[in-house]
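Q: Okay, here's the structure, questions in a sec.
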Amino acid sequence: MTDRVRDRIERVRRRIAEAARRVGRDPDEVELVAVTKTVPVARIREAIEAGVTLLGENRVQEASDKIALLNSFPVSWHLIGHLQTNKSRPAAELFELIHSLDSAKLAAALDRHGVSLGRQIRVLVEINLGGEPSKTGILEPDLVPLLYACRAFTHLAIEGLMAIPPFRRNPEDVRPFFRKLRLLRDQAATACPDYPLRHLSMGMSHDYEIAIEEGATLVRVGTAIFEARPVL
Ligand SMILES: *Cc1c(COP(=O)(O)O)cnc(C)c1O
């Protein structure tokens, strides 16, 4: 088992590097976030032992339990799922990067937690690129207003954008969405220079290579490492 997770991670890393080189990027610009939602702790351990250092979870409670069991390992945890304001305090304490900022209200709460914890809370703004009602994230026109609203916050570090584009069977068909996220980032960074927005969190198991070709700095990969998730 251990070797299988290790082999899969090796393969994903090799593909990340190849995708980066295809477009003249330094492979070190792309960080792998291993998505461990629903994955048991023993298997997460195998991934850590194979060299993974960034782990992504989409629920605060599930992550909290796992973090407690794996706290002796030098890894950091990213929240990639939707965050409700009433769970923002534990989220601010547990996660090194929150990929799912989607309102000024949540931003204000995280900023307050940053003040009381005495450190910056690092976040990405989640964009609902396809405007799909079933998905969280803000719509594109709301990005710059949100960034302006956040300028007063002293303990919130907005470092980039995240998106989960609409599913397309052919990953090549997702490319326009990734490209759109990068353009949106470039425009927003120009409109609101307080935030350089260096990160683009985009790409999952079936399309991360395309996302890297379009500028991803964080890819969130679950099933390609851990195989199919059990149906809950
Ligand atoms: C589950 C999940 C992923 C990983 O998806 P895979 O297809 O298993 O790679 C990435 N991002 C988010 C937000 C997720 O919820």
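Q: Which of the listed residues, Trp77, Ile67, Gly24, is farthest toward the dipole's positive end in segment 2-226, when Lys, Arg count +1 and Asp, Glu count -1 at the beta-carbon?
A: Ile67
Q: Looking at Leu124, Ala108, Ser134, which one has the Cα that reaches farthest to the positive end of the dipole of the chain (charges on Cβ: Lys, Arg +1; Asp, Glu -1)?
A: Projecting each Cα onto the dipole axis, the largest value belongs to Ser134.
Q: Now, a different point. Based on the mean of other beta carbon atoms within 10 Å per residue, what is the order of 54-66, 131-143, 89-101, most packed first?
A: Ranking, from highest mean packing down: 89-101, 54-66, 131-143.
Q: Using alpha-carbon pairs under 8 Å, 6+ residues apart, how would you state the relative contact order of the chain in percent?
A: 20 percent
Q: Let me ask something else about it. What is the gain in length, in nm to one decimal, between Arg15 and Asn170 on full extension, counting 0.36 nm per residue of separation less the C-alpha to C-alpha distance?
A: My answer for the length gained is 54.1 nm.
Q: Follow-up question, since we're still on this one. Calculate, for the chain, the solvent-accessible area per residue in square angstrom, rolling a 1.4 angstrom probe over the heavy atoms of the protein chains.
A: 47 Å²
Q: Let me ask another. Calculate the spin-label point distance for Ala42 paired with Ser76, positioning each point 7 Å from the Cα along the beta-carbon direction, and give it in nanometres.
A: With each label point 7 Å from Cα toward Cβ, the separation is 3.1 nm.
Q: Rounded to the nearest 20 debye, what is the charge dipole size of the chain about its Cα centre when +1 sits on each Lys and Arg Cβ and -1 on each Asp and Glu Cβ?
A: Value, rounded to 20: 220 debye.
Q: If you don't mind, another one. Which of the lysines could a cross-linker bridge to Lys37, judged by Cα under 19 Å and excluding same-chain residues fewer than eight apart?
A: Lys37 reaches Lys66, Lys87, Lys135.
Q: Once R0 is set to 25 Å, what does the formula 1/(1 + (r/R0)^6) return for the Cβ-Cβ distance between Glu49 and Arg119, expressed as a FRET efficiency to the nearest 0.05?
A: Calculated value: 0.30.
Q: Another question, then. Name the GluC sites (Glu not before Pro) in segment 171-232 that are in a loop by DSSP and that have at most 14 other C-beta atoms within 10 Å, would you?
A: Sparse-neighbourhood loop GluC sites (Glu not before Pro): Glu227.
Q: On to the next question. Can you pull the percent of the chain's accessible area that's carbon plus sulfur, 1.4 Å probe, other chains left in place?
A: In the chain, the share of accessible area belonging to carbon and sulfur is 51 percent.
Q: Apply the Kirkwood formula to the chain: the hydrodynamic radius equals the inverse of the mean of 1/r over all pairs of different alpha-carbon atoms; give it in Å with one decimal.
A: Radius from the Kirkwood sum: 18.0 Å.
The values are calculated or read from the model by the stated rules, or taken from the named source; none is laboratory data. Please read all numbers here as calculations on a predicted model, not as lab measurements. Backbone-built Cβ (ideal geometry, glycine too); neighbour counts: all protein chains shown. Ligands, DNA and RNA are excluded from the accessible area calculation, which covers all protein heavy atoms including side chains. Shrake-Rupley method; radii C 1.70, N 1.55, O 1.52, S 1.80 Å.
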